[in-house]
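What follows is a single structure, written as structure tokens, with notes after it.
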Amino acid sequence: MDLHGLEYIVEIAKVQNLSRAAENLFITQSTLSQHLTKLEGELGLSLFERKKNKMSITPAGKMYVTACKQILQEKKNLYNQLSDLDNAKTGSFTVGITPQWGAVAISHIIKEFKKDYPSIQVKVEEQIALPLAHLLKDGIVDMAILPLSNSTSLPYKGILLQSEELILAIPKAHIRKIPLHKHDLQDDLPQILVKDLAGEPMIFSKSQTTIRTLQEQCFSSQHIIPHIIMEINSHPASLIMVQQGLGSTFVPLSCATPSDGIIYAHIVPTVQWYVTIAFRKGFTMNQSEKYFVSLLQQYFANATPAILHSQILLSPKYTKQ
């Protein structure tokens, strides 16, 4: 079933540039331009307005692209259903992930998935949380691993994989200024009150990320304006800066790596995010996709943070609560 012409128009609409669309489609710009000119001639309508290097979609173009996406999705659904017949194990699906954190989860399960489904192509789209949710809404990805700020904001249908605590990573040199409190749970991490972080230099994630939303909510709940010295989305890079004594940061418990230059602590009030696998509207999983999701569920169910019970405290004694 050759529907390349539809894919051409969808790609032009996506990148709004003829040259870049041709590059992404692995065809020449002249081939793409000729196809678009021929199609618009047949329709007697312009699908795009050409303004310098930008291709702006027209109302007619929006209608055409919407129909193209529906047809391409039906093709994909059909091929996936056919692949399940006689256990053929062929086809593809697209997973949306966050650039670093979601990529870690995928890297842990993809080898096991490929053992049983070597001919299934797993396509990956990397984006931060908010744009990733839009890709899911627009049907560009079939499923997305999304960290959410609360358990009730799950888009469409989805499965909760894990609720995870965000903890504070603070330079060991800074802890004489910030009181540590003994935690009730049986782990080696102390507690730090958010109100005691007033004035502490903070390394925050960038806007449109779930962790940034939670960071801002945490400080605003205590009526504190955070002293932000850096915005970056990389947890490993943030932890390097913490180790160098530049400031403190929030990290998911699973991303905390033991270091003799960092003290990790539970935050009071507690900060949590909710890791979900969400699916686009109308999506029906076949055998391979169900197996992929089951591997994700196993990964998150068995993941044990290494930092608990491993932290070395070269610091003043905990203060009593």
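If you scan segment 46-75, which residues turn out to be open to solvent by less than 80 Å² (accessible area, probe 1.4 Å), under 21 Å from Leu132 (Cα atoms) and at pLDDT below 90?
Leu72, Gln73
Answer with yes or no whether Ser221 is open to solvent by 40 Å² or more (accessible area, probe 1.4 Å), out of contact with any His (no Cβ under 8 Å at 6 or more places or on another chain) and under 13 Å from Thr270 (Cα atoms).
Yes: the conditions hold for Ser221.
Within segment 76-93, does at least one residue satisfy the condition of being modelled with pLDDT of 90 or more and closer than 26 Å to Gln287 by Cβ?
Step one: filter segment 76-93 for residues modelled with pLDDT of 90 or more, giving 93.
Then drop every residue that is not closer than 26 Å to Gln287 by Cβ, which leaves 93.
Yes, segment 76-93 contains a residue that is modelled with pLDDT of 90 or more and closer than 26 Å to Gln287 by Cβ.
For every residue, the table says whether it meets (1) modelled with pLDDT of 95 or more; (2) within 19 Å of the chain's Cα centre (by Cα); (3) over 15 Å from Ala173 (Cβ atoms); (4) of a type outside the set (D, E, K, R).
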residue	(1), (2), (3), (4)
Pro190	no, no, yes, yes
Gln208	no, yes, yes, yes
Arg212	no, yes, yes, no
Met230	yes, no, yes, yes
His235	no, yes, yes, yes
Leu246	yes, no, no, yes
Cys255	no, yes, yes, yes
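For the subset of segment 20-40 comprising residues that are of a type in the set (Gly, Ala, Ser) and surrounded by 13 or more Cβ atoms within 10 Å (Cβ to Cβ), which member is nearest to Leu135 (Cα to Cα)?
It comes out as Ala21.
When the residues of segment 281-309 are filtered to those that are β-branched (Val, Ile, Thr) and over 19 Å from Leu160 (Cβ atoms), which remaining residue is modelled with the highest pLDDT?
The selected residue is Thr284.
Being open to solvent by less than 10 Å² (accessible area, probe 1.4 Å) and over 28 Å from Val124 (Cα atoms), is that true of even one residue in segment 204-217?
No, segment 204-217 has no match at all.
Among the residues of segment 261-280, write down those that are open to solvent by 30 Å² or more (accessible area, probe 1.4 Å) and either at pLDDT below 90 or of a type in the set (Ser, Thr, Tyr) (or both).
Thr270, Tyr274
Taking Leu296 as meeting all but one of (1) open to solvent by 60 Å² or more (accessible area, probe 1.4 Å); (2) more than 17 Å from Ala169 (Cβ to Cβ); (3) not small (Gly, Ala, Ser), write down the number of the exception.
Status for Leu296: all satisfied but (1).
Out of (1) of a type outside the set (Asp, Glu); (2) more than 19 Å from the chain's Cα centre (by Cα); (3) open to solvent by 60 Å² or more (accessible area, probe 1.4 Å), the odd one out for Leu197 is which?
Every condition holds for Leu197 apart from (3).
Within segment 88-143, can you find the residues that are of a type in the set (S, T, N, Q), open to solvent by 30 Å² or more (accessible area, probe 1.4 Å) and in contact (Cβ under 8 Å) with a residue 40 or more places away in the chain?
Gln100
The values are calculated or read from the model by the stated rules, or taken from the named source; none is laboratory data. No experiment lies behind these values; they were computed from the predicted model shown. Neighbour counts are summed over all protein chains in view; Cβ atoms, including those assigned to glycine, are modelled from backbone coordinates with ideal geometry. These accessible areas exclude ligands, DNA and RNA; they are computed on the full protein's heavy atoms, side chains included. Shrake-Rupley method; radii C 1.70, N 1.55, O 1.52, S 1.80 Å.
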